[in-house]
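Each remark here refers to the structure printed beneath this line.
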Amino acid sequence: MPSAVRLREDYSAEELRTLARRSKDVSQSRRLLSLAAVRDRMDRGSAAKIGGMDRQTLRDWVHRFNALGPEGLLDNRTEGPKPRLSEEQLAQFAKIVEAGPDREKDGIVRWRRVDLKRIIAERFGVDFHPRYVGKLLKKLGFSHMSARPRHPAQDERIVEGVKKTYGPPRSQGVCRDWADPVCFNVSGLEELPPAMMEIRALRSS
C-alpha cells in the first residue's frame, strides 16, 4: 500500500477552511475542506469523504495542491476543441450556400448535405460527416427548404397566359392555386385528377 503523500506546510487548517468559505467554486471548497481535515491529522479515508471523494482522488488533489496551491484545486476548464473551419472560411462557405449550385458545373439544382460536404473538402481540406454539415448550416442561420417540383420544359409565359385567360376558379376546382405550376402541363393545358377525367369521359360518351 503506498504511503500517504505529505501535505505542504505553508497553509494551516484554519487558513484552508477560510479559503473554502471565500471560494466561489463549490468543488474547490470541498477539496479545501478535505485538505483542512488532513492538516488536522484526520485519517485520509474520513478526510476524503468530507469532500465527497475516495482516498485515491484525495491523493491526486494533494499532489495538485502541493504543486500549485489553492488554484490547483480548481477544475481544468478548456475552451473545447479548436474549430476546424476559421471564421473567414465559414463566411466563404455561407456565401457558397447562399449563391446556390451551378446547374451546369455542379449538376444539381439545390444543395444537399452530401454536396456541401464535398465542397468543404475541396475548398478547405476538411472532411465533415453530412450530419455535421446540417448542424453547421443551422449554426450559420440556414434552414431546410424543399423547392416545389417544376418540369424543366415548363414555360412561364404559357402559365401566365392560361391564368389571364381563365382567371381564378369559380369553385374549388382542380387546384387550390392557379398560379401553382404543378397544376399545368408543359403545353399549358389544364390537368385534371384521374377521378375527374373519368367522370368527364363518362359524360361525353
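The values are calculated or read from the model by the stated rules, or taken from the named source; none is laboratory data. Just so we're clear, the structure is a prediction, and the values are computed from it rather than from any experiment. Positions of Cβ are backbone-derived with ideal geometry, glycine not excepted, and every protein chain shown enters the neighbour counts. Heavy atoms of the whole protein, side chains included, go into the accessibility calculation; ligands, DNA and RNA do not. Shrake-Rupley method; radii C 1.70, N 1.55, O 1.52, S 1.80 Å.
Figures for the structure shown
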| quantity | calculated |
| --- | --- |
| Residue within the range 9-18 that is hydroxyl-bearing (Ser, Thr, Tyr), over 30 Å from Val126 (Cα atoms) and in a loop (DSSP other than H, G, I, E, B) present | yes |
| Residue count for the range 56-69, restricted to those that are charged (D, E, K, R) and surrounded by 15 or more Cβ atoms within 10 Å (Cβ to Cβ) | 2 |
| So Asp106, is it over 22 Å from the mean Cα position of the chain (by Cα) and over 30 Å from Arg39 (Cα atoms) | yes |
| Every residue from the range 73-103 that is under 30 Å from Leu33 (Cα atoms) and either aliphatic (A, V, I, L, M) or surrounded by 13 or more Cβ atoms within 10 Å (Cβ to Cβ) (or both) | Leu73, Leu74 |
| Neighbours by Cβ (under 7 Å, 6+ apart or cross-chain): first from the range 52-72, acidic (Asp, Glu); second open to solvent by less than 80 Å² (accessible area, probe 1.4 Å) | Asp54/Ala48 |
| Residue among Asp102, Asp54, Asp106 that is acidic (Asp, Glu) and farther than 22 Å from Ser143 by Cα | Asp54 |
| Matching helices (runs of 4 or more DSSP H) fully within the range 44-130 where at least 1 residues are among the polar types (S, T, N, Q) | 44-50, 55-68, 87-99 |
| Members of the range 5-49 that are of a type in the set (A, V, I, L, M, F, W, C), within 20 Å of Asp75 (Cα to Cα) and open to solvent by less than 80 Å² (accessible area, probe 1.4 Å) | Leu7, Leu16, Leu19, Ala20, Leu32, Leu33, Leu35, Ala36, Ala47, Ala48 |
